[in-house]
C-alpha cells in the first residue's frame, strides 16, 4: 500500500517520490468539487484474455520489452483495455489505485470539450462566436478576437509559454492562480479568471497555427459555465457522468475562489475513464441513449486543420495527424484518437479494432517524448491483437 510521503506539500506534489501517492489523493492537497455519479451504474463486462499480456513492446532503442517492462519503466499506475465494450485487461500498480480517483491532467481538456459538444447540440454554444460574447470580461485581453472554435482547436496566440519545468515567470504565476502552487500571503486572492483576463496577445494571428497553451482550456470551462448556467462540476455530472453510468464520483480541482481547473484538474476512477473512452468510441452512445451528439464525436475524429497542425511544434509526433476539439488525431489508417496528459496519462481509441485503452501514470517528468513513442507503439501493438 502506498502511504502519504512525509515530505509532501503544495510545492512538490507533482514530483517523485511524492507524485505516486499524490496523483490519486489530489483532493487532500488542493481544493476540489465533486462530480457526482448517478443512481445507475453501467456495468463493464469482462472477457479477460491472456494474449494482451503477450503483446510486444519496442523500447526507446528498439529493444524487446514485455508489457510489464513497459509499465514499470513508464511509471504506470493503471492499464485498462476494453474490446467491443468488455474489459480484456485490467492492471494496477497498487490496489488503492483501483478504488481512488486519479488525476488525468490534460485528458481533462478532451473531456471538457466533449461536454462542450453537448451544449453546442442544445444551442447554448456556437463555435463560430467570439469568446467575449460569453465572457465580456475578456474584452481587453489577448482573447478579445478569439472564436470558440479557435479555443477548442488550440489555434490561439497568447503571450504564454507552456513550460512545465519553469521555476519562475508566467507559467508559475498560472499554476499559483489555479491553486496548484503555493503563493505568498499577500497574494492569496490570486485566481484563475483574473489570470486569464490578464493575458496579452502574442505576436502571431489566431487561427493559422496549432499552439498548445493550457489556459485556453481553462477558459473553455469558464465559457461552459456561462453558457450552461451551472458550475462546471454540475454540468459534467448532469450531461456526461450520470448518463454514462459512472461507477464513482469524480472531482475537479478549484482555484482559491472556486473556479474549475478544466485544463488539467479532473480526477476519475480508472474504470470510469475507460467508460468515458468507450462512450466516445461508441460515437456518444451509452446505455441505449445518445449522451453526446454523434456528429460532435465525428468532428473530433475527422475534423481539424491539417495545415494549422503541421505549422505547429507538435506535428513531429503525428506528421499525418491533426487536433480537433481538444482531441488528437493520429492520422494512422485506423483513425485512432488520443487524449493525452502530462506525466503519461492516456486514452487511446481505435474505432476499427474496437479497442479502448486507458493508461494512468506517475511518470517522473511531465514530458518524455522517447516514452511517448513507446506508449504509442504499445497501444498499437495491443490494438493489433484484436485486428480482424
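FYI, it's all coordinate maths here, none of it is from the lab. Remember, predicted model here, so these are calculated numbers, not experimental data. All Cβ positions, even for glycine, are placed from backbone atoms using ideal geometry, and neighbour counts span all protein chains on display.
Is it true that some residue in the stretch 228-239 is buried (at least 24 other Cβ atoms within 10 Å of the Cβ), touching a residue at least 24 places away in the same chain (Cβ under 8 Å) and either within 21 Å of residue 180 (Cβ to Cβ) or within 15 Å of the chain's Cα centre (by Cα) (or both)?
Yes, some residue in the stretch 228-239 is buried (at least 24 other Cβ atoms within 10 Å of the Cβ), touching a residue at least 24 places away in the same chain (Cβ under 8 Å) and either within 21 Å of residue 180 (Cβ to Cβ) or within 15 Å of the chain's Cα centre (by Cα) (or both).
Could you tell me whether any residue of the stretch 199-209 is within 28 Å of residue 129 (Cβ to Cβ) and surrounded by 23 or more Cβ atoms within 10 Å (Cβ to Cβ)? Spell out the reasoning first.
Taking the stretch 199-209 and keeping what is within 28 Å of residue 129 (Cβ to Cβ), we get 199-209.
Now drop any that are not surrounded by 23 or more Cβ atoms within 10 Å (Cβ to Cβ), which leaves none.
Checked the stretch 199-209: no residue is within 28 Å of residue 129 (Cβ to Cβ) and surrounded by 23 or more Cβ atoms within 10 Å (Cβ to Cβ).
Since residue 14 meets every condition but one in (1) exposed (fewer than 14 other Cβ atoms within 10 Å of the Cβ); (2) touching a residue at least 60 places away in the same chain (Cβ under 8 Å); (3) assigned to a loop (DSSP other than H, G, I, E, B), which condition does it not meet?
The failed condition is (1).
Please go through (1) out of contact with any strand residue (DSSP E or B) (no Cβ under 6 Å at 6 or more places or on another chain); (2) in contact (Cβ under 8 Å) with a residue 24 or more places away in the chain; (3) farther than 19 Å from residue 338 by Cβ; (4) crowded, with 20+ Cβ neighbours inside 10 Å for residue 112 and return the number of the only condition it doesn't satisfy.
Tallying (1) out of contact with any strand residue (DSSP E or B) (no Cβ under 6 Å at 6 or more places or on another chain); (2) in contact (Cβ under 8 Å) with a residue 24 or more places away in the chain; (3) farther than 19 Å from residue 338 by Cβ; (4) crowded, with 20+ Cβ neighbours inside 10 Å, residue 112 fails exactly one: (3).
Any residue that is over 22 Å from the mean Cα position of the chain (by Cα), over 30 Å from residue 371 (Cβ atoms) and surrounded by fewer than 16 Cβ atoms within 10 Å (Cβ to Cβ) - is there at least one of those in the stretch 51-70? Even if it seems obvious, please write down each step before you answer.
Of the residues in the stretch 51-70, the ones over 22 Å from the mean Cα position of the chain (by Cα) are 51-69.
Add one more test, that the residue is over 30 Å from residue 371 (Cβ atoms), and what stays is none.
No.
Out of the residues in the stretch 326-339 meeting the condition of being buried (at least 23 other Cβ atoms within 10 Å of the Cβ) and in contact with a helix residue (DSSP H, G or I) (Cβ under 7 Å, 6 or more places away or on another chain), tell me which one is farthest from residue 274 (Cα to Cα).
The extreme case among them is 326.
Identify the residue in the stretch 300-309 that is in a helix (DSSP H, G or I) and free of Cβ contacts under 8 Å to residues at least 60 places away in the same chain and, among all such residues, is surrounded by the most Cβ atoms within 10 Å (Cβ to Cβ). Lay out the reasoning, then the answer.
Filtering the stretch 300-309 for residues in a helix (DSSP H, G or I) gives 300-302, 306-309.
Still in the list and also free of Cβ contacts under 8 Å to residues at least 60 places away in the same chain: 301-302, 306.
Values: 301: 21, 302: 12, 306: 14.
In this case the residue turns out to be 301.
Check residue 243 against each of (1) surrounded by fewer than 17 Cβ atoms within 10 Å (Cβ to Cβ); (2) touching a residue at least 12 places away in the same chain (Cβ under 8 Å); (3) over 14 Å from the mean Cα position of the chain (by Cα) and name the one condition it does not meet.
Tallying (1) surrounded by fewer than 17 Cβ atoms within 10 Å (Cβ to Cβ); (2) touching a residue at least 12 places away in the same chain (Cβ under 8 Å); (3) over 14 Å from the mean Cα position of the chain (by Cα), residue 243 fails exactly one: (1).
Just need a number here: residues in the stretch 89-109 that are out of contact with any helix residue (DSSP H, G or I) (no Cβ under 8 Å at 6 or more places or on another chain) and under 30 Å from residue 200 (Cα atoms).
Residues meeting the conditions: 1.
Give me a count of the residues in the stretch 129-167 that are surrounded by fewer than 19 Cβ atoms within 10 Å (Cβ to Cβ) and assigned to a helix (DSSP H, G or I).
From the stretch 129-167, those surrounded by fewer than 19 Cβ atoms within 10 Å (Cβ to Cβ) are 129-130, 132-133, 136-137, 139-140, 144-145, 149, 159, 161-167; that's our starting set.
Next, from what is left, pick out any that are assigned to a helix (DSSP H, G or I): 132-133, 136-137, 149.
Of the residues in that region, 5 qualify.
Residues of the stretch 261-289 being under 18 Å from residue 78 (Cα atoms) and assigned to a helix (DSSP H, G or I), which ones?
Listed by number, the residues that qualify are 270, 271, 272, 273, 274, 275, 276, 277, 278.
Among the residues of the stretch 340-362, what is the count of those that are surrounded by fewer than 23 Cβ atoms within 10 Å (Cβ to Cβ) and over 11 Å from the mean Cα position of the chain (by Cα)?
Count: 4.
Working carefully through the options 117, 123, find the one that is buried (at least 22 other Cβ atoms within 10 Å of the Cβ) and over 28 Å from residue 172 (Cα atoms).
Values: 123 fails: buried (at least 22 other Cβ atoms within 10 Å of the Cβ).
Every option except 117 fails the conditions.
Search the stretch 17-36 for residues being part of a loop (DSSP other than H, G, I, E, B) and free of Cβ contacts under 8 Å to residues at least 60 places away in the same chain, and hand back the single one that is surrounded by the fewest Cβ atoms within 10 Å (Cβ to Cβ).
Taking the stretch 17-36 and keeping what is part of a loop (DSSP other than H, G, I, E, B), we get 17-18, 23-25, 29-31, 36.
Narrowing the set further to residues that are free of Cβ contacts under 8 Å to residues at least 60 places away in the same chain leaves 17-18, 29.
On the way: 17: 14, 18: 20, 29: 21.
Taking the candidates together, the pick is 17.
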